[in-house]
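The values are calculated or read from the model by the stated rules, or taken from the named source; none is laboratory data. As the structure is a computational prediction, the values presented were derived from the model and not from experiment. Because the Cβ atoms are built from the backbone with ideal geometry, glycine has one as well, and the counts that use them run over all protein chains shown.
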Amino acid sequence: MPIHLYVMSNTVKKWVLLLLLSFIWGSSFILIKKGLLGFSPLQLGSFRLVISAHIIFAFGFKSLKGLNKNQWKWLALSGFLGSFFPSFLFAYAETEVDSTITSILNSLVPLNTVVLGFVLFKIKSNRFQVSGVVIGFIGAVLLILEGAALNPNQNYRYTGLIILASLMYAANVNIIKRYLNEVRPLSIATANFVVVFIPSIAVLIFSGGMSRTTLYSTAFLPALGCVFLLSLFGTALAKILFNNLIQISNPVFASSVTYLMPLVALFWGALDAEIFNALQGLSALIILSGIYLANKKIKKKTAV
């Protein structure tokens, strides 16, 4: 009975985390868009990382005790792939691509998790996962082509940055599950930001984020407010929750947070008058269908 209750509690917990993360990260794309009204992509990304680091450091440093050298190696790689580079890639992408489209393309993470799991980590894929990857790829191509036709003033080559970020997220999911599954979620998040903190400070200074021109701009405070919310919820809190979700579930389920994120982003995008037509909606459904297949398990035949 105790084992049964433990399994049930983890089952409920992982779904609660999935829904909470979907709302938090689904809202992140509109915050990036609004933050870019006052910051350059480099400034936004570095402010986001520096603020997030301070929030996590405030209560996470004690969790670093006991980490060994081998774990630090993977924690460093996790920090750059799961936080540092994506923060800048998404910021640059949203200078040309709507927040709704960005969120939908980010939903390729579960499919990329399957691909990288097979290619880099020798995790076998079943026929549903292979079909899901193919279908998801077709949906992504259709979404990009239709978006480019619908928004000729936007440079859809920047969608490549979103896809690159989704590959990094996918690699990070596999790294945490394979090499850091015994490390506490708070320890992972804190160690990640210990590694990327100095590079983030360097980018912030180099990009002019602390210059008088930026600090005294009328757009500074509204943009900083958006980045603070993005850092507090979309990076610091969400990173801890996501690490926890990976550990109590599996890489593909954890990355399936991207099922619901586009719905949240679509809501915010509609409020911000972003254009989204029926064909793009169909393309999004194709991508989500691919993710569903990638998560589907083959039922084992039982002997009669």
Filter pass, Asn192 being touching a residue at least 12 places away in the same chain (Cβ under 8 Å), out of contact with any Asp or Glu (no Cβ under 8 Å at 6 or more places or on another chain) and either part of a helix (DSSP H, G or I) or hydroxyl-bearing (Ser, Thr, Tyr) (or both): yes
Quick check: anything in the stretch 141-151 surrounded by 18 or more Cβ atoms within 10 Å (Cβ to Cβ), in contact with a helix residue (DSSP H, G or I) (Cβ under 9 Å, 6 or more places away or on another chain), touching a residue at least 40 places away in the same chain (Cβ under 8 Å) and not in a helix (DSSP H, G or I)? no
Sole miss for Trp15 among (1) modelled with pLDDT under 85; (2) surrounded by 18 or more Cβ atoms within 10 Å (Cβ to Cβ); (3) within 12 Å of Leu260 (Cβ to Cβ) is condition (2)
Residues that are small (Gly, Ala, Ser), more than 15 Å from Ile104 (Cβ to Cβ) and at pLDDT below 85, drawn from the stretch 140-183: Ala149
How many residues of the stretch 19-46 are modelled with pLDDT of 95 or more, among the small types (Gly, Ala, Ser) and crowded, with 24+ Cβ neighbours inside 10 Å? The answer is 3
From the option list Thr258, Thr190, Thr218, single residue qualifying as modelled with pLDDT of 90 or more and surrounded by 15 or more Cβ atoms within 10 Å (Cβ to Cβ) is Thr190
Can you pull out the residues in the stretch 189-227 that are farther than 29 Å from Asn244 by Cα and aromatic (Phe, Trp, Tyr)? Phe206, Tyr216, Phe220
